[in-house]
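Below you'll find the structure, written out as structure tokens, and then a few comments.
The values are calculated or read from the model by the stated rules, or taken from the named source; none is laboratory data. Since we're looking at a predicted model, the values are computed, not measured. Counting neighbours? That spans all protein chains shown, and the Cβs are built from the backbone with ideal geometry, glycine included. For the accessible areas, the whole protein counts, side chains as well, though only heavy atoms, and no ligand, DNA or RNA atoms are used. Shrake-Rupley method; radii C 1.70, N 1.55, O 1.52, S 1.80 Å.
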Amino acid sequence: MSAPETSLRHTPLFSRHQAAGAKLVPFAGWEMPVQYPAGIRAEHLAVREGVGVFDVSHMGEVETAGPGALAFLQRILSNDVSKIAVGGAQYSVLCKEDGGVLDDLFTYRLAEDRYLTVTNAANHAKDLAWFQRHAAEADGVEVIDRASDYAMLAVQGPRARALVESLLAQGEALPGRFKTVEATVAGVPALVCGTGYTGEDGVELLLPPAHAPTVWDALLDAGAAPVGLAARDTLRLEVCFHLYGN
């Protein structure tokens, strides 16, 4: 059942979505744009043929830090975390004891003993509790809920990189696929990640929430089309990118 309107959370870009005439719907406890006036087909094609930007600030983030972080993540994630170099990224699933899936997620290695894992919005509380439960049994690891510390924008499409590069500070460059860098986008410090889930190239920007509107406006002014959750689903389905539970 959908959450009552009074309990729905809003991303830092909610007023931008309202002003753009987006259709807003309940999703995982948030009021999110499912589509904009141009329509789902136009938004889908904007990502396939040009560049689109998604507000995915409803997604969660969990930081894992300390000398035991690698061993801890190696135990609870399905992929080989030791293969992630500093500044790298990895896709994997979070599993229950019987091997069933709790969530699919990305993990970024920010430093030698510091990682950031991005969770799906509907599963963030469950994922965080799972991390915390198992961290209590591990040595030298701290689990921190960072969901309120980041807004997140996904810039995707064949023109995505060129557009974001035009907004970088002088001398900075975008990361390669499955790489991360700290950079300044439209004057805002950001963790720029060479990841996405649309079948197109592009980057995801993790930003201070208060400055997300500045970057959103700059992306749209530079030619990015705003894209809602419906086209995100059609893009994912078109390339057979599965999500946990779907």
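What are the residue pairs meeting all of these: first residue in the stretch 232-246, first residue of a type outside the set (Asp, Glu), second residue assigned to a helix (DSSP H, G or I) and open to solvent by less than 100 Å² (accessible area, probe 1.4 Å), Cβ atoms under 8 Å, and 6 or more apart or on different chains?
Filtered contacts from the stretch 232-246: Thr234/Ile40; Thr234/His44; Leu235/His44; Leu235/Val47; Leu235/Arg48; Leu243/Arg236; Tyr244/Asn123.
Restricting to the stretch 32-50, name every residue that is part of a loop (DSSP other than H, G, I, E, B) and either within 19 Å of the chain's Cα centre (by Cα) or in contact (Cβ under 8 Å) with a residue 40 or more places away in the chain (or both).
Across the stretch 32-50, the qualifying residues are Tyr36, Ala38, Gly50.
May I ask you to verify whether Ala160 is within 20 Å of the chain's Cα centre (by Cα), open to solvent by less than 20 Å² (accessible area, probe 1.4 Å) and either at pLDDT 95 or above or of a type in the set (D, E, K, R) (or both)?
Spelling it out, Ala160 is indeed within 20 Å of the chain's Cα centre (by Cα), open to solvent by less than 20 Å² (accessible area, probe 1.4 Å) and either at pLDDT 95 or above or of a type in the set (D, E, K, R) (or both).
Return the residues of the stretch 1-22 that are outside any helix (DSSP H, G or I), out of contact with any strand residue (DSSP E or B) (no Cβ under 8 Å at 6 or more places or on another chain) and at pLDDT 95 or above; say none if nothing qualifies.
Gly21 - this is the single residue of the stretch 1-22 that is outside any helix (DSSP H, G or I), out of contact with any strand residue (DSSP E or B) (no Cβ under 8 Å at 6 or more places or on another chain) and at pLDDT 95 or above.
Being closer than 13 Å to Val155 by Cβ and not β-branched (Val, Ile, Thr) is the filter here, so list the residues in the stretch 194-211 that pass it.
Gly194, Gly196, Tyr197, Glu200, Asp201, Gly202, Glu204, Leu205, Leu206, Leu207
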